[in-house]
Amino acid sequence: MKSKEKQVLPAKTMTYPQSQGYLVVDRKKCAGCQSCMLACSLVHEGVEDISLSRIQVIQNSFGRFPEDTAQYQCRQCVNPLCVQVCPTGACYVDTANGNVRLIDQSKCEEGCKLCIEACPYIPQRVIWDHRKNKVTMCDLCINTLYWNEKGGPSGKQACIEACPMQAIKLVNEVPAQLGTKGYDVNLRNEHWAFVGLPID
């Protein structure tokens, strides 16, 4: 008898309203300092813990610039598989806040992880909160218990505010969805050439 493996397949193809905000990054500008990660966990969880950050910066000590640092954040997918597979409605599109893809932890079943498995990107953009045994995801700082600023597509994001290199930006147009090119953008101007960085 074959062992049953859990398969994550959307029940049906659905259409969702497009998010009104997307985080894009310039990996050639990123210094790998992880300020964005610390700020993210601090404003959402009240602690500086990079394992709880909803934006991820991964460094490769053996990589050569610009492949030595990579940034990963929720893409606010046009077709969010995480929303499609969630059995409880915990992962949903918040139409009241710019159609941002969010997670309601009060509805999240402990240990389900279907949204993590459904995320087509590596590393997955849905983050496991090891303290609560529930998932989190970038909410564009809509729900920040430890920050008094207004977030969301028309507000501020802690990662952008904390980045000393200004390597993260919020855009309102949908980035190209295939590959990473749409989310890895050039935020440099001619002044960056003075410090030896390529501006193309």
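Structure notes:
- Of the GluC sites (Glu not before Pro) found in the range 63-133, those that fall in a DSSP loop while having at most 13 other beta-carbon atoms within 10 Å are E67, E110.
- With Cα atoms, 0 to 90° folded angle of helix 35-45 axis to the chain main axis: 40
- With K and R counted +1 and D and E -1, the other residues having a Cβ less than 9 Å from that of L38 yield a net charge of -2.
- One entry in (i) 29, 19, 18; (ii) 33, 22, 16; (iii) 31, 27, 17 is semi-axes √(5λ) of the Cα gyration tensor in Å calculated from the shown coordinates; its label is (i).
- Applying a DSSP loop filter and a limit of 16 other Cβ atoms within 10 Å to the trypsin sites (Lys or Arg not before Pro) in the range 9-73 leaves K12, R64.
- Annotation: peptides 118-124, 152-158, ranked by per-residue average of other Cβ atoms within 10 Å with the highest first, follow the order 152-158, 118-124.
- Cut-off 13 Å between beta-carbons: net charge of the residues surrounding Y146, Lys and Arg +1, Asp and Glu -1: -4
- Fluctuation leader among C163, C77, C33 - the chain, Gaussian network, Cα springs under 10 angstrom: C33
- Unsatisfied cross-links (Cα-Cα over 32 Å) in the set K28/K132; K113/K150; K132/K181; K28/K107: K28/K132; K132/K181; K28/K107
FYI, it's all coordinate maths here, none of it is from the lab. Values in this document were obtained by computation on a predicted structure and should not be read as measured data. A quick note on method: Cβ atoms are made from the backbone with ideal geometry, for glycine too, and the neighbour counts reach across all protein chains shown.
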